[in-house]
Amino acid sequence: MNRRDVIKNVALMLGGAFSAPTLMAMNHWENATQAHVNGTAFSLSSSQRTIVAEIAELILPKTDTPGAKDVGVPAFIEMMMKDCYAQAEQQSFMEGLVLIEQTKFLDLNESERKGVLKYLEQETKAEMVARQMKQTKMGDNDDHEDIKKAPKGLPFWRLIKELTLLGYFTSEEGIKASFEYVQIPGKLENIKLQPNQKAYAY
Amino acid sequence: MYLNIKATKNNTFDAIVVGSGMTGGFAAKELTEKGLTVLMIERGREIKHPEDYDTAMKQPWEIEHRGKITAHSAEEHWANKRFGNLVNEEAGSFFTDDKANPYIEKRPFDWIRAYHTGGKSMHWGRQSYRFNKQDFEANAKEGIGIDWPIRYEDLAPWYTYVEKFVGVSGQKEGLDVLPDGDFLPAMPLFAPELHFKQKMLEKFNRPVTVGRVANLSQPQAWHTKLGRASCQYRNKCVRGCPYGAYYSSLSGAIPAANLTKRLTMLHDSIVAEIIYDEQRQKATGVRVINQQTKQVEEYFAKIIFLNAGAMNTAALLLNSKSNRFQQGLGNDSDQVGRNIMDHHLGVGATASIEGFLDDYVYGQRPNALYIPRFRNWGNDKQAYLRGFGYQGGASREGWNRGVNADGFGGDFKQNLTKPGQWTIGFGGFGEVLPNPANRMYLDPNRTDQWGIPMIVFDAAFGENEIAMRKDMMNAAMEMMDAAGFKNITGYNRPEVHLGLGIHEMGTARMGRDPKTSVLNAFNQVHDCKNVFVTDGAAMTSSSCVNPSITYMALTARAADYAVKALKKREL
Ligand SMILES: Cc1cc2nc3c(=O)[nH]c(=O)nc-3n(C[C@H](O)[C@H](O)[C@H](O)COP(=O)(O)OP(=O)(O)OC[C@H]3O[C@@H](n4cnc5c(N)ncnc54)[C@H](O)[C@@H]3O)c2cc1C
Ligand code: SF4
């Protein structure tokens, strides 16, 4: 499925959140994002930054424990994308983000937003399965070329979800609110899990 | 004239050891403890144990990029990064800057390096297994490469000696394929691993044991004396252990050598050449370039131990040309730099495990389970030669299971605070056969920033390794299936090259015949007997077990021989 189809499907699902001009603009969209990501350093516009923050908060919302925004996940995501990812991932992240921008994400209500994410999740799943197959096929050094010419970055949803979880569950507040944090265990033992016991974090 | 003599005197020791890593450290310890004054020369920066383990006590949130590699570090470590996440902020400063220390890949070679005090002993996985009897005999029996000039029995007492000093936690199993050693108490297997062990015995008669690992599960007096304490089960060993609980040159050998007050250490000093005296037909010393100032200095000794790591040791021999040795010191056989071996890895399987949901673990095991070689052993016969062992283990999933799972939101978040289901994964370490066409050599034109010829790698897996890899994946899947595990996924990473097994060896092999080997049975260069090579370069075959304990045993044995020979004035 190409990107225009994705947007069309999201639009259909949301009952036509797109205007005709938006859909037409999609024609030029892919090239445009490429130009945007190549050459310049990875950077987000302020509306993109807001979208990232909103998505992170939808993934790990504030409940009786802090949410993604409380522990600084949005800034973490941007920093990680900038510092730790190659161009392929920066590109696929931006592509996905622009796609969401096109859905007028910030104008949607919460349940519509969740709908977009659910759709994204299903799309990503299919893509991840395809990637996985590539990784595990009986490599006997013949498929090197194949691997080299597949520089497509991980999909946006996979990236933002991983970075949200990583940023949250390794933050001081995130760890302490979620797990039993043990810096120095001092011993190693098989134990029985108590009802409702939290996981250890080290 | 007077000044020169004085300088020479100041620069003269009983022994010189090149490299302060796993084997250099051990050589220095043995030689100083036996009464020699030793100069140990290290090309990299100084790391002080334990105060220079900058990240050791950092909490997760104090590590800016939380374990991921920055693009900057990836660029600097263009080769090291192939190994995985090691060049992140937790341990990256303990790996060599590949940009400043480049090498040439005629065929790809994943060279993982650590230039600093302790070399790669700083962050090794500490898995420590003896070679078995067949490992020393297989070459001769099968007509592969050349025969080892020693047998298991020659090395057995030295294994014991090294294991005691190092401290290896492990379980005695009484297996021929994996000879027992002198062990500290074993670490536990986890509930599903015990189930797996049972099933493998029932269904395949294949033993499974807990890893034999150089972490102090119960320190002995000689460990405590060096300031080493019991393992705290944090499994953050790659950052350096503030307790000295795992063995490294830094935590063990160097402190022991320092106790003798006979050790002198030089850092930032690249040994570029061995000086050969044509008249006395001996090596007399080494020529050293300071990596910062580029100043050249010479040092002298009666015996020289080469412990720069297999590739750098071979490069050093090749670069030491004289009238007598025009192709490099000890290279009459043209075998220096050839027969590169390693262990091939990056192949195995993962699965999920149903049940055991009330079983959990407190603490982090810096260790794995081990499945000893079962291929071409006993009655098993394969189309390829030799075999492999598996390393891996079971654990309960953590929050990161959420990355690939469906869902988001409050319940999703809450759910990730609980331990997930058990999963298991193990990967093989396969034996690589010696092949003279797998080689490294010095580039005739290009030099590094110190004017030393650059190393070129020209090596690749052969048919035997490729055939074995397929079986390594399939057999792993078969075993998981037999244990009743679910969602079994095999993998055979195609982007793995020689080198990635981080066990490079073979470039100056031991043998009986000077025409086909570089070293004799006591690791002496055949025609330059006061030069000893006791790192991985000396290996005649690779076995499939992690090799460092074998390198150390060879080192201790050679040092013992060298000191006795010196006393008898044979050197
Ligand atoms: C991540 C990782 C995990 C590992 N896990 C295991 C394991 O579980 N079990 C196992 O048995 N092995 C393991 N190894 C391998 C183990 O680290 C090596 O086998 C061992 O360190 C080799 O010892 P060495 O003395 O030959 O080389 P090193 O330890 O690498 O030391 C060589 C030293 O020589 C110095 N040097 C090089 N050239 C020169 C020169 N020209 N002049 C002066 N100094 C020089 C280097 O800077 C370095 O300090 C692992 C390695 C890595 C990287
Ligand atoms: S697991 Fe043990 S050896 Fe490793 S860092 Fe922790 S205390 Fe040290």
(message) Every residue in the stretch B:1-36 that is away from ligand 1 (no atom under 14 Å from the Cβ) and modelled with pLDDT of 95 or more, please.
(response) B:ASN11, B:THR12, B:PHE13, B:ASP14, B:ALA15, B:LEU31, B:THR32, B:GLU33, B:LYS34, B:GLY35, B:LEU36
(request) Scan B:GLY244, B:GLY285, B:GLY252 and give me the residue that is within 16 Å of ligand 1 (Cβ to nearest atom), at pLDDT 95 or above and within 19 Å of the chain's Cα centre (by Cα). (result) B:GLY252
(message) All but one of (1) part of a loop (DSSP other than H, G, I, E, B); (2) over 20 Å from the mean Cα position of the chain (by Cα); (3) on the phi < 0 side of the Ramachandran plot; (4) in contact (Cβ under 8 Å) with a residue 60 or more places away in the chain hold for B:GLY145; state the number of the condition that does not hold.
(response) (3)
(message) Being modelled with pLDDT of 95 or more, over 20 Å from B:ARG373 (Cβ atoms), surrounded by fewer than 24 Cβ atoms within 10 Å (Cβ to Cβ) and touching a Lys or Arg at 6+ places or on another chain (Cβ under 8 Å) is true for just one of B:ALA521, B:ALA483. Which residue is that?
(response) B:ALA521
(request) For the stretch A:179-202, name all the residues that are more than 7 Å from chain B (Cβ to nearest Cβ), in a strand (DSSP E or B) and of a type in the set (A, V, I, L, M, F, W, C). (result) A:ALA201
(message) Suppose the filter is of a type in the set (S, T, N, Q) and touching a Ser or Thr at 6+ places or on another chain (Cβ under 7 Å); does B:SER121 pass it?
(response) yes
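So that you can scan it fast, the table gives a plain yes or no per residue for (1) away from chain A (no Cβ under 11 Å); (2) crowded, with 21+ Cβ neighbours inside 10 Å; (3) on the phi > 0 side of the Ramachandran plot:
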| site | (1), (2), (3) |
| --- | --- |
| B:PRO372 | yes, yes, no |
| B:ASN376 | yes, no, yes |
| B:GLU397 | no, no, no |
| B:ARG401 | no, no, no |
| B:ASN404 | no, no, no |
(request) Go through the stretch B:121-171 and give me each residue that's more than 16 Å from ligand 2 (Cβ to nearest atom), within 30 Å of B:TYR53 (Cβ to Cβ) and basic (Lys, Arg). (result) B:ARG130, B:LYS164
(request) Take the residues in the stretch B:37-70 that are in a loop (DSSP other than H, G, I, E, B) and touching a Ser or Thr at 6+ places or on another chain (Cβ under 6 Å), then tell me which one is farthest from ligand 1 (Cβ to nearest atom). (result) B:ARG66
(request) For residues that are among the aliphatic types (A, V, I, L, M) and part of a helix (DSSP H, G or I), scanning just the stretch B:222-261, find the one that is surrounded by the most Cβ atoms within 10 Å (Cβ to Cβ). (result) B:ALA253
(request) Could you check, for the stretch B:106-119, whether at least one of its residues is within 27 Å of B:ARG234 (Cβ to Cβ), in contact (Cβ under 8 Å) with a residue 24 or more places away in the chain, among the acidic types (Asp, Glu) and part of a loop (DSSP other than H, G, I, E, B)? (result) no
(request) Quick one: which residue in A:ASP107, A:ASP140 is at pLDDT 95 or above and acidic (Asp, Glu)? (result) A:ASP107
(request) Please work out which residue is surrounded by the fewest Cβ atoms within 10 Å (Cβ to Cβ), limiting yourself to the stretch B:325-370 and to residues that are within 11 Å of chain A (Cβ to nearest Cβ), within 28 Å of the chain's Cα centre (by Cα) and within 16 Å of ligand 2 (Cβ to nearest atom). (result) B:GLN364
(request) Mind listing just one residue for me: the one in the stretch B:104-120 that is farther than 20 Å from B:GLY21 by Cα and more than 14 Å from every other protein chain (Cβ to nearest Cβ) and, of those, nearest to ligand 2 (Cβ to nearest atom)? (result) B:ILE104
(request) Check B:GLN134, B:GLN171 and return the single one that is assigned to a helix (DSSP H, G or I) and modelled with pLDDT of 95 or more. (result) B:GLN134
(request) Please indicate, with yes or no, whether at least one residue in the stretch B:120-132 is out of contact with any Pro (no Cβ under 7 Å at 6 or more places or on another chain), crowded, with 20+ Cβ neighbours inside 10 Å and closer than 22 Å to B:ILE455 by Cα. (result) yes
(message) Under 7 Å between Cβ atoms, which residue pairs at least 6 apart in sequence (or on different chains) link something in the stretch B:325-348 that is assigned to a loop (DSSP other than H, G, I, E, B) with a partner that is among the aromatic types (Phe, Trp, Tyr) and modelled with pLDDT of 95 or more?
(response) B:PHE325/B:TYR276; B:LEU329/B:TYR276; B:ASN331/B:PHE325; B:GLY337/B:TYR441; B:LEU345/B:PHE429
(request) Sort through B:ASN215, B:ASN235 and tell me the only one that's within 18 Å of B:ALA256 (Cα to Cα), within 16 Å of ligand 1 (Cβ to nearest atom) and within 14 Å of another protein chain (Cβ to nearest Cβ). (result) B:ASN215
(message) Kindly evaluate B:VAL208 against the criterion of being within 16 Å of ligand 1 (Cβ to nearest atom) and aliphatic (A, V, I, L, M).
(response) no
(request) Kindly list the number of the only condition in (1) in contact (Cβ under 8 Å) with a residue 12 or more places away in the chain; (2) closer than 30 Å to B:ASN520 by Cβ; (3) of a type in the set (A, V, I, L, M) that fails for B:ALA186. (result) (2)
(message) Can you confirm whether B:ARG365 is among the basic types (Lys, Arg), in contact (Cβ under 8 Å) with a residue 24 or more places away in the chain and more than 30 Å from B:SER249 (Cα to Cα)?
(response) no
(message) If the requirement is being in contact with a Ser or Thr (Cβ under 6 Å, 6 or more places away or on another chain), under 22 Å from B:GLY118 (Cα atoms) and within 16 Å of ligand 2 (Cβ to nearest atom), which of these qualifies: B:PRO242, B:PRO185, B:PRO219, B:PRO255?
(response) B:PRO219
(request) Enumerate the pairs (first residue in the stretch B:504-516 and within 19 Å of B:ALA460 (Cα to Cα) and among the polar types (S, T, N, Q); second residue anywhere and modelled with pLDDT of 95 or more and within 12 Å of ligand 1 (Cβ to nearest atom)) with beta-carbon separation below 6 Å, excluding pairs fewer than 6 apart on the same chain, so at least 6 apart or on different chains. (result) B:THR507/B:ALA310; B:THR507/B:ALA314; B:THR507/B:ALA537
(message) Just the residues that are part of a loop (DSSP other than H, G, I, E, B) and closer than 12 Å to A:SER171 by Cα, please, taken from the stretch A:58-83.
(response) A:PRO66, A:GLY67, A:ALA68, A:LYS69, A:ASP70, A:VAL71, A:GLY72
(request) Output the residues belonging to the stretch B:298-318 that are closer than 22 Å to B:ASN11 by Cα and either in a loop (DSSP other than H, G, I, E, B) or touching a Pro at 6+ places or on another chain (Cβ under 9 Å) (or both). (result) B:ASN307, B:ALA308
(request) Report, ordered by the first and then the second residue, all pairs with beta carbons closer than 9 Å, sequence separation of six or more or different chains, a first member in the stretch B:25-48 that is away from every other protein chain (no Cβ under 14 Å) and on the phi > 0 side of the Ramachandran plot, and a second member that is more than 16 Å from ligand 2 (Cβ to nearest atom) and at pLDDT 95 or above. (result) B:GLY35/B:ASP14; B:GLY35/B:THR260; B:GLY35/B:ARG262; B:GLY35/B:VAL563
(request) Just give me the residues in the stretch B:148-168 being within 18 Å of the chain's Cα centre (by Cα) and not in a helix (DSSP H, G or I), in sequence order. (result) B:GLY167, B:VAL168
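The values are calculated or read from the model by the stated rules, or taken from the named source; none is laboratory data. As the structure is a computational prediction, the values presented were derived from the model and not from experiment. Because the Cβ atoms are built from the backbone with ideal geometry, glycine has one as well, and the counts that use them run over all protein chains shown.
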